[in-house]
Structures are given as C-alpha cells and as structure tokens.
1. For a quick check: sort SER64, SER32 by the number of other beta carbons within 10 angstrom, fewest at the front.
2. Counting helices only, and only those DSSP H runs with n ≥ 4, report the 222 nm mean residue ellipticity of the chain as the sum of -39,500 (n - 2.57) divided by its residues, in deg cm²/dmol to the nearest 500.
3. Using only Cα atoms, find the angle between the long axis of helix 42-55 and the longest principal axis of the chain, and express it within 0 to 90 degrees, rounded to the nearest 10.
4. Kindly provide the GluC sites (Glu not before Pro) of the stretch 1-110 that DSSP labels as loop, not H, G, I, E or B, and whose Cβ sees at most 10 other Cβ atoms within 10 Å.
5. Over 16 Å apart: what share of the alpha carbon pairs of the stretch 85-135 falls there, rounded to a whole percent?
6. Between the helical axis of 82-112 and the dominant principal axis of the chain, each derived from Cα atoms, what acute angle in degrees is found, rounded to the nearest 10?
7. May I ask you to sort ASP27, ASP99, ASP126 by Cβ crowding, counting other Cβ atoms within 10 Å and putting the fewest first?
8. Can you put ARG71, ARG48, ARG37 in order of Cβ neighbours within 10 angstrom, beginning with the fewest?
Amino acid sequence: MRPGEVAAAAGVNLQTLRYYERRGLLDEPVRSLGGHRMYSHDAVTTLRVIKAAQRLGFTLAEVSELLDTARHRHALGEGAGLQARARQKLADVEAKIADLTVIAETLRAGIAAGCDDLQTCAGAPDCPLPFTDLGQGDRS
C-alpha cells in the first residue's frame with residue numbers, strides 16, 4: 001500500500017504516518033523499484049493500535065515500549081506487558097478522576113457561595129475556595 005492509502009485507511013494524516021515511522025513505531029516500509037514507500041496491510045493495524053492506545057492515555061514513548069514488548073515476546077519481563085501497563089494507567093486515570101472530582105466539588109461550592117470577587121472571597125472565613133491555604137505550607 002502507498003503511504004496515502006495507509007494513512008487514509010488508518011484515519012491519520014500523511015505527516016503522522018511519517019512521524020511514527022521516524023520514531024520507530026512503524027517498521028520501515030519496503031521500496032518499490034521506483035523508490036516509493038510500500039507498506040503492508042499490517043501498518044494500518046499498527047497505526048490503529050497506536051491511536052487507540054493514545055486515546056487510552058498512553059504516551060508515544062509508552063506505546064513504543066508496548067509495541068517493542070509485543071515484537072519481542074520472548075523477552076517479556078515482570079511489569080513489561082500490556083496487563084501491567086494497563087493497570088498502572090488505570091491507577092493514574094483514577095487518581096486524576098479523584099483530583100478532578102475534588103476540584104469540581106470545590107468549584108460548585110464557590111458558585112453556590114456566590115463568590116464573585118477572588119480577593120473578597122479569599123478573605124471570608126466561610127470561603128469554600130482554598131485560596132488562603134495556597135503557599136502557606138511551603139514557606140521556610
């Protein structure tokens with residue numbers, strides 16, 4: 001398959017295809033007699049896997065490691081596979097959700113309290129927003 005066909009089939013643009021190739025996420029394609037890059041159908045699958053992993057929160061570096069692990073199954077070590085990485089990513093996501101839940105609840109409380117002025121609200125003893133707590137614990 002030519003680069004444009006692969007990119008279209010995988011739902012990415014041509015620059016993304018080239019970038020992933022430079023990063024080593026895709027195997028280097030063979031070249032036709034005319035020097036054109038020719039990809040296998042597996043490249044479409046690999047591109048879709050990369051994009052799906054990114055949507056799940058994996059960085060390109062993490063995706064690269066997962067692809068390398070899959071390519072070298074005999075070298076799997078403890079904590080190197082998808083199961084371990086997915087568990088860690090899930091823990092990270094759940095921690096972010098917990099943080100965002102606290103932020104959302106605090107913002108709701110600020111809205112309910114009618115905080116229209118940060119200076120005034122921060123000085124009020126019943127202010128639900130944590131302005132007065134910021135920076136006080138780090139003073140030396």
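Quick note: the coordinates plus some simple rules give every number you see, no bench work behind them. In this text the structure is predicted, and so the values were computed from the model without any measurement. Neighbour counts are summed over all protein chains in view; Cβ atoms, including those assigned to glycine, are modelled from backbone coordinates with ideal geometry.
1. Details: SER64 17, SER32 10.
Exposure proxy ranking, most exposed first: SER32, SER64.
2. Numbers: 6 runs with 80 residues, N = 140.
For the chain, the value works out to -18000 deg cm²/dmol.
3. For helix 42-55, the angle is close to 0 degrees.
4. Qualifying residues, ordered by number: GLU78.
5. Details: 654 of 1275 pairs.
Counting pairs separated by more than 16 Å, the tail of P(r) holds 51 percent.
6. Between the helix axis and the principal axis of the chain, the angle is about 30 degrees.
7. Working: ASP27 14, ASP99 10, ASP126 6.
The most exposed by this proxy come first: ASP126, ASP99, ASP27.
8. Values: ARG71 9, ARG48 14, ARG37 17.
Taking fewest neighbouring Cβ atoms as first place, the list is ARG71, ARG48, ARG37.
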